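The values are calculated or read from the model by the stated rules, or taken from the named source; none is laboratory data. Quantities reported herein were computed from a predicted structural model and do not represent experimental measurements. Heads up, the Cβs are rebuilt from the backbone with ideal geometry, glycines too, and the neighbour counts pull from every protein chain shown.
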Amino acid sequence: MAIQPCPPVRDHPPAGAQRRTLIVLVVAQILSGAGLAAGVTVGSLLAQDMLRSTSLAGLPSALGTAGSVLAAVAVGRISQAHGRRVGLATGYLAGAVGSAGVIAAAVADNAILLFAGLFVYGAGMATNLLARYAGADLAAPERRARALSTVLVATTLGGVVGPNLAAPTGELALALGVPYLAGPFLLAGAAYALAAVVLTIWLRPDPLLLARAAEAHAVPERAPASGPAKRSGLWLGALVMVLTQLVMVAVMTMTPVHMHDHGHGTAASGFVIAIHLGAMYLPSPLTGWLVDRFNRLAIAAAAGLVLPTAGVVAATAPGHAVAPLAVALALLGLGWNLGLVTGTAMVTDAAPLATRAKTQGLVDVAIAIAGATGGMASGFVVALAGYPTLALAGAFLAFAIIPATIVASRRRRTAAT
């Protein structure tokens, strides 16, 4: 893949380049969202069918998460060296390769190849989340959260389309001589590949490279500011995202199991999870405006209030009632959204352009590990102490965001005096 030099700043004013960047990223995110949702929809079912056992049906999620951890590091480093265009396109291309591996494994009925394919497929998951950072590269600080939230909400459109195409792609797979459950990976592979093509052709000028050029042009003699305040913002932003991811994944993962144990069918649990997913992404534009309009610490604190509220509602919801659980999962998704948008803006504010992409990749590694930890630990907690205990434990962890923001606020006021 040829690497094009970043054009002179005067040829591409950042305002115009930012509009173009957001348009291209939105298109790529819609495609990649479809690929991500399509594969996730049937990954566990495909593993269960091929292995003829339910004991390892959760392995696809674990393998995808493991692959996303490695990909977050790789995409971050590639973006650091060659720009967002090359880094994101490489990540999506790897996701397409992983999808092809899953399809080949299904045709060959080869479990080892399936596991390898799912691991590589995780690169698409990581890249889909990392793309939000690209939307903020050229944004002014006071519009940074709105820019990244625009990229984030675009994933929702693809995420709605992907699962609804599971049946048609399954029929297409059968017509091509491929097992039915591998059909959605046909969509995933094509969607990821198209996202890579869109970015490779149209993400020009590269937002990260142009931002570096603009910074050098504006203040060539001065290095980007750094110090305790910036380091504090970086660590707090990462902490907010890690805690919100851990709590969200843990409670979300076990809610369908909890509902099943109380006699609810798949339609009811699907309804609750659909509300949760909508609350995770659809509020992004409003959240971005709030983060830009008000103090970032204030919105981080709001996440630290909404998530514990979700935990308390989930813990106290009667087992036979769907509505309280729907409210709890909606609050859980909203709290995650507040934390992710705020944390992303804080990390982007604090990370200097010279190391921004690599730092963001490492932060997303921590987020992925937190999600994996939450997902794995949730089953053990529910088995030992029950779903209400899990929900209250999540509330307790999420509330830790509040004292962290108070400490950061005091440090900021001290540094300003």
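Annotations
- Where A345 falls short, out of the listed (1) within 14 Å of V272 (Cβ to Cβ); (2) buried (at least 23 other Cβ atoms within 10 Å of the Cβ): (1)
- Put simply, of A140, A134, A147 the only residue that is closer than 23 Å to G233 by Cβ, assigned by TED's automatic domain parsing to the domain that holds G76, out of contact with any Phe, Trp or Tyr (no Cβ under 7 Å at 6 or more places or on another chain) and free of Cβ contacts under 8 Å to residues at least 40 places away in the same chain is A140.
- Search result, residues across the stretch 210-264 that are at pLDDT 90 or above and of a type in the set (S, T, N, Q): T244, Q245
- Some residue of the stretch 72-93 being of a type in the set (G, A, S) and under 24 Å from T253 (Cβ atoms): yes
- Counting only helices (runs of 4 or more DSSP H) that fall entirely inside the stretch 90-183 and contain at least 1 residues that are among the polar types (S, T, N, Q) and closer than 20 Å to Q245 by Cβ, the qualifying elements are 111-134, 144-164.
- Residue match in the stretch 298-311 (condition: of a type in the set (A, V, I, L, M, F, W, C) and more than 30 Å from R413 (Cβ to Cβ)): yes
- Among residues of the stretch 121-150 being over 13 Å from the mean Cα position of the chain (by Cα) and of a type in the set (S, T, Y), the one that is farthest from V86 (Cα to Cα) is T150.
- Some residue of the stretch 289-303 being modelled with pLDDT under 90 and part of a helix (DSSP H, G or I): no
- Among the candidates A315, A326, the residue that is within 20 Å of Y281 (Cα to Cα) and crowded, with 18+ Cβ neighbours inside 10 Å is uniquely A326.
- Matching entry among L397, L340 (being closer than 23 Å to L130 by Cβ, modelled with pLDDT of 95 or more and part of a helix (DSSP H, G or I)): L340
- Qualifying residue in the stretch 78-86 (condition: under 16 Å from Y192 (Cα atoms), of a type in the set (G, A, S) and crowded, with 24+ Cβ neighbours inside 10 Å): no
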